[in-house]
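Note sheet for the following structure.
Just so you know, all these numbers are worked out from the coordinates, no wet-lab data involved. Just so you know, these numbers come straight off a predicted model, no measurement behind them. With ideal geometry, Cβ positions are generated from the backbone for all residues, glycine too; neighbour counts draw on all protein chains shown.
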Amino acid sequence: MTRISRRSYLAGAGSAAAVGLAGCMGGGGSGTLAVAHMPIFPDLQYYVMESEGYFENVDATVEGSEFTDGPAIIQAYGGGELDVAMFGIVPSMIVIDRGIPAKVAAANIKEPMAIMAHEELQTMWADHGADAFSVWREEKGRKFRFGTFPQGSVPDVLLRYWLEQEGVSTSTVDIIEINGANAVWQAVANGEVDGASIMEPVPTRAAQEDMAVGTFRNANEVMPGQPAAVTLMSDEVRGTPVATQFLEQHVRATEFIGENPEATADIVESSIGMDADRALSALQGPLSNFVTDPREIENGTEIFSRFAEANGQIDDRLSLEQIFDYSVYDDL
């Protein structure tokens, strides 16, 4: 995990009240807004806001902390170190389920995943439908292997939901847990998996390099309104002008991404490490559906809440009212 420490700020404050960020919430623009983010495509608004200087329009010092995994952000949120987190819908639900006072104030992207499958399986599907997985096993002598993030993650839930909708038991296939998009790509490129459920840049890279494993279903075909990364805000933040100002810049970043793909591709290269040409192709593809309005992901969020409960990630299924606070966006 890579992050910028906030310890010096907390040490200087020297009290539990500092953890609540009273300076930011009650100081009329003074104080710090601690924002967690991840170097992933669905968090692109953060990097646009940072690169384009949009944070200057927020009446607080935006202190970014870069994390490489959701559980670390959950831990930091639980420790009172964060005000805002731009990360997955499932870990956001976990934060809320644990009683930490926070709600989702914005979406970052919708329907950004693809179900990828070997071209041979796609041909079998055209002839046999969902029985293609059984045909594959008969012909290959083994189950079809999907590679995706660990169980309960966004791409894992999408994969399991798609299989469920197609009437395919998860026992019919092997679902291999892989940490990180780069590792999923390597598994695809090395023939270690036959398919994947994954975000950009893997689908675009596979298409550009003419891999046998390619996009079979886009998320919008599987789960309209599929959520991914969101913007979670603490209760203390959401009732302040800082929350409105932050989301105003989030909207600007969303619009910037749609209107300036070439400039955005350069930001992707410098911040996330994806080649700019490949990033541009991804930005112009069907998975780059950047949004801010949280209502765009309501349908998929209800499905994800069901899976999160079934996986034991949350104790009880959360309602939309428990997950979302629409007021900040509606007040823009």
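Between GLU298 and ARG137, the modelled label-to-label distance comes to 4.0 nm, taking each label 7 Å out from Cα in the direction of the beta carbon. Across segment 207-332, C-alpha contacts under 8 Å between residues 6 or more apart give a mean separation that, scaled by the residue count, equals a relative contact order of 32 percent. For the pair ASP174 and GLU56, a Förster radius of 35 Å applied to the C-beta separation gives a FRET efficiency near 0.10, rounded to the nearest 0.05.
Amide H contacts under 5 Å for GLU63: LEU33, ALA34, VAL35, restricted to partners 5 or more places along the chain or on a different chain, H placed in the peptide plane at 1.01 Å from N. Ranking of ASP43, ASP131, ASP97 by neighbouring Cβ atoms within 10 Å, starting from the fewest: ASP131, ASP97, ASP43. From the Cα gyration tensor of segment 27-114, with a ≥ b ≥ c the square roots of its eigenvalues, which class applies: rounded if a/c is under 1.5, or else prolate if a/b is larger than b/c, or else oblate? Oblate, because a/c is 1.5 or more while a/b does not exceed b/c. Largest GNM mean-square fluctuation among GLU63, GLU200, GLU120, using the chain with Cα springs under 10 Å: GLU120.
When you work out D = kT/(6 pi eta Rh) for the chain at 10 °C and 1.306 mPa s, using the Kirkwood radius from C-alpha pairs as Rh and the Stokes-Einstein form, the result is 78 µm²/s. Angle of helix 298-310 to the longest C-alpha principal axis of the chain, folded into 0 to 90 degrees and rounded to 10: 80°. Remind me, relative contact order of the chain in percent, using alpha carbon pairs under 8 angstrom and six or more residues apart? Worked out over the chain, it gives 26 percent. Phi-derived couplings, Karplus 6.51 cos²θ - 1.76 cosθ + 1.60 at θ = phi - 60°, listed residue by residue for segment 177-187: 7, 9, 9, x, 5, 4, 5, 5, 4, 4, 5 Hz, with x used for Gly and Pro. Considering only alpha-carbon pairs that sit under 8 angstrom and 6 or more positions apart, the relative contact order computed for segment 113-222 is 42 percent. Can you pull the percent of Cα pairs in segment 110-237 with separation above 17 Å? Roughly 56 percent, rounded to a whole number. As a proxy for reagent exposure, ranking VAL62, VAL202 by other Cβ atoms within 10 Å from fewest up yields VAL62, VAL202. Using the alpha-carbon centroid of each, what span in Å lies between segment 260-301 and segment 47-87? Measuring centre to centre over Cα atoms gives 18 Å.
Estimate the FRET efficiency between ALA130 and ARG98 by the formula 1/(1 + (r/R0)^6), using the beta-carbon distance for r and 35 Å for R0, to the nearest 0.05. It comes to 0.40.
The label-point distance for GLU166 and GLU262, in a model that sets each label 7 Å from Cα toward Cβ, rounds to 4.0 nm.
Listed by Cβ neighbour count within 10 Å, with the fewest neighbours leading, ILE96, ILE109 appear as ILE96, ILE109. Using just the C-alpha positions of segment 222-284 as equal point scatterers, what log10 of I(q)/I(0) does the Debye formula give at each q in 0.14, 0.21, 0.27 1/Å? Result of the Debye calculation: -0.58, -0.95, -1.05. Residue-wise HN-Hα couplings along segment 153-161, as the Karplus relation 6.51 cos²θ - 1.76 cosθ + 1.60 with θ = phi - 60° gives them from phi, are 6, 4, x, 5, 4, 4, 4, 5, 5 Hz; Gly and Pro carry x.
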